[in-house]
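Report on the structure given below.
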Amino acid sequence: MIEWAIMEPITILQGTPLPYGATPVRSGINFSVFSRNATSVILDIFEKEDDSQPVFSCTLDPKRNRTGDMWHVCLQGLKPGALYLYRVDGPFEPKHGHRFDRNRYLLDPYAKALTDTSIFANLPPDYRTPVDKMDIELGKVRSAQGFPKCIVIDDSEFDWEGDMPLNYKLQDCILYESHLRGFTASSNSGVAAPGTYKGMIEKIPYLKKLGVTSVEFLPIQEFDEYENANTNPRTGERLKNHWGYSTIAFFAPKNSYASDRTPGGAVREFKEMVKEMHKNGIEVILDIVFNHTAEGNERGLTLNFRGFDNSIYYILEDNHKQYYKNYSGCGNTVNCNHPVVRTFIIDCLHYWVTEMHVDGFRFDLASILGRDRNGNLIKDPPVIERIAEDPILSKTKIIAEAWDAGGAYQVGNFPGGRWAEWNDRFRDEIRRYWRGDDNLSAGAATRIAGSADLYQDDGRKPYHSVNFITSHDGFTMNDLVSYNGKHNEQNGENNRDGSDNNSSYNYGYEGPTLNRDIENVRTRQVKNMMLTLILSQGTPMLLAGDEIRRTQGGNNNAYCQDNEISWVDWNRAKSHEDVYDFTRKAISLRLSHPALRRKEFFEGRNHSAGVAPDITWFSADGKIQDWSRDNHFLGFRLGGAKSETWADVDDNDFFVMCNSGTKDITVKIPLAGKQRRWFRVVDTSIPAPNDFLEEGKEEFLETQKTYILPARTMVILINK
């Protein structure tokens, strides 16, 4: 519990313009904020979280407390734990892009923690967004009650015990996308602190046993779940912003995800989670949303950026600056390539890496980072290049969602050099291949081999392709094989939201069924897709709960469902233990064999006599694959021998067979090699636990010439 953070008396000193934010110094707390067009800045200090009025106010002197566009002051007598807000005066001229309002409290854009309250749940019934100067001139300072306060944090107080980011090589990673709260929120999660950072710590043994190396969390930067005012038409309950893609404070971990809800508790608990995950060899990657903020469009709330300098932080319409360009689909677009905003973005990333020890970032709608101040896509975008070349971030993972809601689609062409990308073409083509669509073998083969068509031409590597079949946005793996269509009725939008392009199939019945035959096919197809994902070249990303067939009841857009629809149902860990065990073995196989996670693209040729090429594609008759004829069959041999090109590979050869059709196929097996024999590792048509045999227990094939490959089956052989 942080004690009251004023030590009488308070002395006002000039302060310094850097660093941004509220920084403990020997003489007190230094405050510094940016505003180019403000005429006055007021710093308000509060005693308690729910105070309506400050106990101390300081109006910054533009001559003494301003350096360039930076407003700064040092309050001697204040210490960490102090609560503060700003008020900023200046022109209210929306047509010219200015929305200053001296009557409105503002959050520091660099705030490292907020007090525990909801802006949207506490909006006064008479609230409306100011539309002209009269609203400002006749208004009065609003009550700060129900509005979160910024908390001064001293990061030096936490003992990291020597911890540093793990920074694994991407080629050696298994990513696991998870909602932090949803992972343990269920009453059957078995943790003492469900839905929290502490609850995630309690699930580390589960993650470690599964074998994932890196957890990619949906947004944990402070957002307000009560921003969503819709109701569930079935239950009448208010829906929430569960996913969190509407950031309020980019430096602050979400307070409601902490079991310790005292001021600053979320910072301490987040750090504790990171430290414990690192102790167990698991990285932390954050989904971060720089493309828009929670302030919305011209009818939205003024929370921070809009009140400090709206015309700089956002991309506005050219001749109608009261309106916001909307490339995010969420009301506004952050002006990412303005130098001031670039500095903010880099400072934010530096903070999460140096002070919070995270290992990487996934950038939501990252194509917006490539737009200029007018919204145009530009070559060599400054902020994208800066992130890629930044010396502090040089070992940090940077992963782009390489598109936006304004029509930009840059998969395979995202600028900036070392960026990895979410590869949605892998998702779509592997889904359709295993569904049994015709003429997908060539496309699936390209994705399995690392998507050289997308990443090789600009010097990137297979691991720059983040392969996924499911993510938070869309069907879970279970629902992909259980529903022909989306079922989003409980979202309150008459099932209009969410994609209709799911490439799913229910195998004879919509939703859960007691039909044993249908369930067996579904389980097999889940295993086929999971195995394809984990063993493809590139960096695999699993969706949390897919390994136990988590279901959302056919909802493919559960952004607003903070309930059992989105939460992991841990009872399924028992009922689908076979899928969990299969996934665990697949991860172990990948991490044990460098031939399955190469850092270079295939060349398809020999490097020395008697050594198999790095990859050879076969038709079922044993001849070189005829892509014009082969439809549902895929067969390829991975050469594991060490060579000049594959200096990092010294491994067994593998032969992989896939049959996405509905008829069995007799496959001719290539020769294993001198003094070598083929052994079966995986056959997804065989019931568990014999579907996946662990190392040292592989099944010797009595016939080394042919293999009967059942319908909808994937088989892996290893030569020994």
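The values are calculated or read from the model by the stated rules, or taken from the named source; none is laboratory data. Fair warning: this is a prediction, and the values are worked out from it, not measured in the lab. Here Cβ is always computed from backbone atoms with ideal geometry, including for glycine, and neighbour counts include all displayed protein chains. The protein model used for the area step is the full one, side chains on, heavy atoms only, and it has no ligands, DNA or RNA in it. Shrake-Rupley method; radii C 1.70, N 1.55, O 1.52, S 1.80 Å.
Where does segment 406-455 land on Rg(C-alpha)/(2.2 N^0.38 Å)? Walk me through the numbers before you get to the answer.
On the way: Rg = 12.3 Å, N = 50, 2.2 N^0.38 = 9.7 Å.
For segment 406-455, the normalised Cα radius of gyration comes out at 1.26.
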- Message: I'd like the orientation of helix 265-279 relative to the chain: the angle between its Cα long axis and the longest Cα principal axis, in ° from 0 to 90, rounded to 10.
- Response: 30
- Using the Cα gyration tensor of segment 573-720, with a ≥ b ≥ c the square roots of its eigenvalues, what is the shape: rounded (a/c below 1.5), prolate (a/b larger than b/c) or oblate (neither)? oblate
- Item | Karplus (6.51, -1.76, 1.60) ³J(HN,Hα), θ = phi - 60°, over segment 113-122, in Hz, Gly and Pro reported as x | 6, 10, 6, 8, 7, 10, 5, 6, 6, 10
- Query: Taking the mean number of other Cβ atoms within 10 Å as a proxy for protection, how do you rank 29-35, 611-617 from highest to lowest?
  - Reply: 29-35, 611-617
- Message: Given an 8 Å cut-off on Cα distances and at least 6 residues of separation, report the relative contact order of the chain as a percent.
- Response: 10
- Using the Karplus equation 6.51 cos²θ - 1.76 cosθ + 1.60 (θ = phi - 60°), what ³J(HN,Hα) coupling, rounded to whole Hz, does each residue of segment 583-589 give in order, writing x for Gly and Pro? 5, 4, 5, 5, 4, 4, 4
- Task: Would you tell me the accessible area of residue 115, worked out with a 1.4 angstrom probe on the heavy atoms of the protein chains, in Å² to the nearest 10?
- Result: 10
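Go through 279/574; 275/697; 48/325; 279/397; 461/697 and tell me which ones have a Cα-Cα distance over 29 Å in this structure.
275/697; 48/325; 461/697
May I ask for the net charge around residue 272, where only other residues with Cβ less than 11 Å from the Cβ of residue 272 are counted and Lys, Arg are +1 while Asp, Glu are -1?
So the surrounding residues net to -1.
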- Over all pairs of different Cα atoms in the chain, the reciprocal of the mean inverse distance gives a Kirkwood radius in Å of 27.2
- Query: Rg to Rh for segment 567-624: what is it, with Cα atoms only and Rh by Kirkwood?
  - Reply: 1.21
- Query: Which number comes out as Rg/Rh for segment 667-707 once both Rg and the Kirkwood Rh are worked out on C-alpha atoms?
  - Reply: 0.99
- So in the chain, what percent of DSSP beta bridges are antiparallel if you round to the nearest 5? 75
- Given 10 Å bins starting at zero, what is the percent of C-alpha pairs of segment 75-190 in each, up to the one with the largest pair distance? 10, 23, 27, 21, 15, 4, 0
- When the helices in the chain are scored as -39500 (n - 2.57) per DSSP H run of 4 or longer and the sum is shared across all residues, what 222 nm value do you end up with, to the nearest 500 deg cm²/dmol? -5500 deg cm²/dmol
- Message: Show me the ranking of peptides 368-378, 147-157 by mean Cβ neighbours inside 10 Å, starting with the highest.
- Response: 147-157, 368-378
- Hey, what do the phi angles of segment 224-233 turn into as Karplus ³J(HN,Hα) couplings, whole Hz, using 6.51/-1.76/1.60 and θ = phi - 60°, x for Gly and Pro? 10, 5, 8, 4, 7, 9, 5, 10, 6, x
- P(r) of segment 444-552 over all Cα-Cα pairs, binned every 5 Å from zero, in whole percent: 2, 12, 18, 19, 18, 14, 9, 6, 2, 0, 0
- Message: Placing +1 on the Cβ of each Lys and Arg and -1 on the Cβ of each Asp and Glu in the chain, which of 22, 624, 688 has its Cα farthest towards the positive end of the resulting dipole?
- Response: 624
- Rounded to a whole number of µm²/s, how large is the Stokes-Einstein D of segment 240-310 at 10 °C and 1.306 mPa s, given Rh as the Kirkwood radius over C-alpha pairs? 111
- Item | Distance histogram for segment 196-348 (every C-alpha pair counted, 10 angstrom bins, percent rounded to whole numbers) | 10, 32, 30, 21, 6, 1
- Query: Once you put a point 7 Å from the Cα of residue 69 and another 7 Å from the Cα of residue 55, both along the Cβ direction, what distance in nm separates them?
  - Reply: 3.5
- Query: Convex hull over the alpha-carbon atoms of segment 520-625: what's its volume per residue in Å³?
  - Reply: 163
- Message: I need two numbers for segment 196-278: Rg to one decimal and Dmax as a whole number, Cα atoms only, in Å.
- Response: 14.9, 43
- Over the Cα atoms of segment 17-125 the radius of gyration and the largest Cα-Cα distance (Dmax), both in Å, equal 14.3, 44
- Note on the structure: For segment 129-183, inverting the pair-averaged 1/r of distinct alpha-carbon atoms gives a Kirkwood value in Å of 18.0
- Query: In nm, what is the difference between 0.36 nm times the number of residues separating residue 575 and residue 135 and their Cα-Cα distance?
  - Reply: 152.4 nm
- Message: 7 Å from Cα along Cα→Cβ at both residue 40 and residue 519: what's the point-to-point distance in nm?
- Response: 7.1
- For segment 377-421, fraction of C-alpha pairs farther apart than 11 Å, in %: 66
- Task: List, largest first, the extents of the alpha carbons of segment 139-269 along their principal axes, each in whole Å.
- Result: 57, 45, 30
- Calculated P(r) of segment 463-505 - Cα pairs past 15 Å, %: 48
- Query: With each label point set 7 Å from Cα along the Cα-Cβ vector, what nm distance links residue 379 and residue 394?
  - Reply: 2.8
- Please work out how much accessible surface residue 116 shows to a 1.4 Å probe, ignoring ligands, DNA and RNA, in Å² rounded to 10. 60
- Among 667-675, 595-603, the order from most to least packed when residues are scored by Cβ within 10 Å on average: 595-603, 667-675
- Alpha-carbon gyration tensor eigenvalues x 5, square-rooted, for segment 366-508, Å: 31, 20, 13
- Reported to the nearest 10 Å², residue 409 has, with a 1.4 Å probe, an accessible area equal to 110
